[in-house]
Ligand code: IPM
Ligand code: MN
């Protein structure tokens, strides 16, 4: 088993180092190889996703990814910006299914911006389609408008599009995931306005016929954004397109108290996957040793479960994380009076110690 480790930029290097430490502590037999990606790769090789990094990712069973991006790259041409690395990896590995769980840990109920009773016990799974939609649709670009409100003016355009197979495969993923949970799927669309999402709704409804045991509801994206803060526990599995999923998953993450706690998995048809925290590179706190490594450590757990067939090891990491939270250890993003503030490395060390303690019991 081979893991490609791509720490990236900003806090990426700090948090990935802790996840790697935790993986080593499991004493499993896998190989890890590290490569540059994002702004770090641009600075070293002139490209955010160098050939060698892409090859390493393609040949690995799984990719452990940190985060990419920094304001200093904002002026670069789009194809050289750090974000293109993650988009390029998604596209070239065919990682169409993005799992973003939003779980509110019991100990962090108070850290949510919503009232405790709204979020206690929250456990939502957002399944975001990741290789289609307006993110990748062609044509796109800039031109002189020939029609619209200002003919002759400079304009920019992107294309929102989904093909039937793209919708079918993500719908299957969602219904199958729902079978492992409470058998309810909410498909989020904008069918009242967009043809792309009327088609989405029609295809999801068709695929649903093969899953009569799962309940399907359709919801417009604006309503979904509202319901997520009004009564988030009404949701279980949410399936949606690339752009709506980007927005709703950030919103859902905040319900849990901290985006610093949320892992994610992006899978292709071969169960090869890229695992990364749901948060970004946070250049404002990079290099200070204060970032929360738990989202990345939990992403490593998802990697063990989905791509490396090591479910027990995944369970062990997840319970070690629960245990450090129960000990009251908190990075600044989840700190509250009465808890103990720790840095990135101390948090990683605490997870390793908690894993060791488990072995002592078993
Ligand atoms: C995410 C990020 C990315 C996205 C960016 C960095 C390209 O926001 O993973 O949610 O928009 O998909
Ligand atoms: Mn995003």
Quiz prompt | Taking 190, 55, 184 and counting other C-beta atoms within 10 Å, the order from fewest to most | solution = 55, 184, 190
Practice problem: Compute the normalised compactness of segment 207-316: alpha-carbon radius of gyration over 2.2 N^0.38 Å, N being the residue count. | Solution: 1.24
Quiz prompt | Quarter of the Cα convex hull surface for segment 92-243, i.e. its orientation-mean projected area (nm²) | solution = 11.5
Exercise. For residue 312 paired with residue 222, estimate the spin-label separation in nm (one decimal), with each label point 7 Å from Cα along the Cα-to-Cβ line.
Key: 5.3
Practice problem: Can you bin segment 77-140 into rounded, prolate or oblate? Criterion: square roots of the alpha carbon gyration tensor eigenvalues sorted a ≥ b ≥ c, rounded for a/c under 1.5, prolate for a/b above b/c, oblate for the rest. | Solution: prolate
Exercise. Could you list 279, 79 in order of exposure, starting from the residue whose Cβ has the fewest other Cβ atoms within 10 Å?
Key: 79, 279
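Tell me, Kirkwood radius of segment 157-200 from alpha-carbon pair distances, in Å? Could you put the intermediate results ahead of the total?
On the way: mean 1/r = 0.0854 Å⁻¹.
After inverting the pairwise mean of 1/r, the radius is 11.7 Å.
Quick one: of the DSSP bridges fully inside the chain, what percent are antiparallel, nearest 5?
Among the beta bridges of the chain, antiparallel pairing accounts for roughly 40 percent.
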Exercise. Please report how far the C-alpha centroid of segment 234-275 lies from that of segment 55-103, rounded to the nearest whole angstrom.
Key: 15
Quiz item: Measuring from centroid to centroid over Cα atoms, what is the spacing of segment 295-345 and segment 174-222 in Å?
Solution: 32
Quiz item: Quick one: what does P(r) look like for the chain with 20 Å bins over all Cα pairs, in whole %?
Solution: 29, 59, 12, 0
Quiz prompt | Mean ellipticity per residue at 222 nm, deg cm²/dmol - from DSSP H runs of n ≥ 4 across the chain, formula -39500 (n - 2.57) | solution = -12500 deg cm²/dmol
Quiz item: Among 158, 349, 70, which comes first, then next, by fewest other beta-carbon atoms within 10 Å?
Solution: 158, 349, 70
Exercise. Between 223, 242, 268, find the one with the highest GNM mean-square fluctuation for the chain; connect C-alpha pairs within less than 10 Å.
Key: 223
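Computed from the coordinates by the stated procedures, all read-outs in this text should not be read as laboratory data. What you see is a predicted model; the values in this text were computed from it and never measured. Methodologically, a virtual Cβ is constructed for each residue, glycine included, from the backbone with ideal geometry; neighbour enumeration extends over all protein chains shown.
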